[in-house]
Structures are given as structure tokens and as C-alpha cells.
Amino acid sequence: MRKLGVMAGAAAAAMAMVSGAASAQVGASWGGLYVQGFIGDAAGQARQDLTNGRTTGDHSENQVSGGAGLGYGLQAGRLLVGVEGDIASGSGDITAHGPSPDYNYTTHNGWLATGVVRAGYDLGLGFLPYALGGVAAGDVRLHTYRTDGPGSSIDFSHTQVGWTLGAGAEVPLPLDAFRLKVEYRYVDLDKADGTGSQGNAVSGTLRQNLVRLALAFRI
């Protein structure tokens with residue numbers, strides 16, 4: 001999780017500098033249609049439980065993630081309510097190793113898509129804090145194989161649907177059409193079930209902690 005902390009700290013520092021440079025705007029305009037690109041840290045946590053009693057327990061890995069999205073906000077006074085959709089690279093391979101017998105258990109996530117409702121309130125401090133929540137979908141591949149000789153294996157892939165919750169803050173840049181956003185999201189892609197070459201079954205779960213720095217352009 002060290003990488004996640006570094007990314008969060010850098011994003012917060014960038015937000016603080018831009019917010020300090022921007023004047024406090026009471027009743028600023030936050031609504032409208034926008035496109036955005038983002039980059040951040042995807043800290044994935046996976047677990048595999050097999051019917052033969054083996055389990056990986058919870059294990060995690062970090063990966064840089066990036067993507068793009070489209071959103072729209074409707075402003076009423078200081079209140080902003082909007083919708084947003086995006087697609088990003090996932091948390092990649094999350095691998096655990098079981099030494100007895102010698103197995104590798106890999107949970108792979110190649111892409112992640114989310115559709116959320118976003119609600120914020122302008123406090124007149126030059127930035128807009130907001131909360132968000134909605135649906136998430138992504139590919140989950142469970143790949144389990146023995147590394148020290150022949151044995152049963154599992155290679156199962158499925159598109160999983162789950163949910164996401166998060167919060168963030170948005171500040172205007174000197175060019176009014178641009179906005180800088182920093183946010184945190186928690187994603188749960190629920191449970192994926194697969195069957196191996198010898199009929200053995202596995203249940204795998206995948207959760208992610210995402211920290212993102214986004215640049216939005218109002219159309």
C-alpha cells in the first residue's frame with residue numbers, strides 16, 4: 001500500500017497548490033457536459049477459495065491505472081448533481097503462491113468500467129467537494145496452476161458486475177473550461193465462480209482501492 005500512499009499524497013499536494021492559486025469563488029459554475037482523462041493507483045485485493053480446502057487468504061498488489069470518461073452535472077445554487085461514466089485499465093495480476101503443494105493463484109483484472117451518480121456542494125472555498133456511488137463492471141480471470149509438476153488447474157474468465165463508492169474534490173484551473181479532480185473510489189466486483197480441469201471449483205473475490213487524479217474539460 002506504500003505506492004497508494006505516495007499517489008494520494010502527490011494528488012493532495014497538487015490539489016492544494018491549484019486551490020491556493022484559484023480565488024475563492026462563491027457561486028462558481030460547476031455544471032455542464034465534460035470529458036476527462038485520469039491516471040492513478042489501483043490497489044487490488046483478491047482471494048481464492050477452492051473446494052478442496054485450499055485458500056489464498058487476502059492478498060494484494062498495486063498497479064498504475066489510467067482511463068477516460070464522460071460526465072454531466074446539473075447545478076442548482078451551490079448544489080451539484082450529475083452522472084459520470086468511465087473506463088480504465090484494471091489492477092492487473094494479483095498473484096499468491098502456495099508452497100505445499102506448489103501452486104500459483106492469479107486473479108487478473110484487465111479493465112474496469114463504472115457508472116456513478118455524483119453529488120457535491122460549493123462551500124465558497126474555491127473547490128467543490130463531492131461524493132459518488134454507482135455500478136462497476138470488469139473482467140475477472142481466475143488462473144490457478146501447479147508449478148512443480150502436473151496437477152489440476154483452473155483458468156476461468158468472466159465479466160463481473162459490482163458496485164463502487166467514493167469521494168473527491170474538484171478545483172477550477174486558470175483556463176475556466178478545465179477542472180482538476182482528485183478522488184478516492186472503493187470497488188467491489190463481487191464473487192466469481194469457476195471450475196477446474198478435474199472438476200474442482202473455486203470462488204474468487206476482487207476489491208480495489210483507487211486514487212485518481214483527473215483533468216476534465218467542459219464542452
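Bear in mind these aren't lab numbers, they're just calculated from the coordinates by the rules spelled out. Quantities reported herein were computed from a predicted structural model and do not represent experimental measurements. Cβ coordinates were reconstructed from backbone atoms using ideal geometry, including for glycine residues, and neighbour counts include every protein chain displayed.
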I want to make sure I understand the PRE zone here: with the label point 7 angstrom from the Cα of residue 217 toward its beta carbon, which residues in the range 164-196 have backbone N atoms less than 12 Å away? 177-179
Extension length gain for residue 146 and residue 83 (0.36 nm per residue less Cα distance), in nm, is 18.2 nm
From phi via Karplus (6.51, -1.76, 1.60), per-residue ³J(HN,Hα) for the range 112-126 in Hz, x at Gly/Pro: 9, 10, 9, x, 10, 9, 10, 10, x, 9, 7, 8, x, 10, x
Within the range 102-132, name every residue whose backbone N is under 16 Å away from a label modeled 7 Å from Cα of residue 186 along the Cβ vector. 131-132
The range 155-210: percent of C-alpha pairs farther apart than 18 Å? 56
Pseudo-spin-label distance residue 158 to residue 33, built 7 Å along Cα→Cβ, given in nm, is 3.8
³J(HN,Hα) computed for each position of the range 79-85 - Karplus, 6.51 cos²θ - 1.76 cosθ + 1.60, integer Hz, glycine/proline x: 8, 10, 10, x, 10, 8, x
On alpha carbon coordinates alone, what is the Rg over Rh value for the range 89-219, Rh being the Kirkwood radius? 1.16
Calculate, for residue 203 and residue 173, the FRET efficiency according to 1/(1 + (r/R0)^6) with r their C-beta to C-beta distance and R0 45 Å; round to the nearest 0.05. 0.50
If we count every other residue with Cβ under 10 angstrom of residue 57's Cβ, Lys/Arg +1 and Asp/Glu -1, where does the sum land? -1
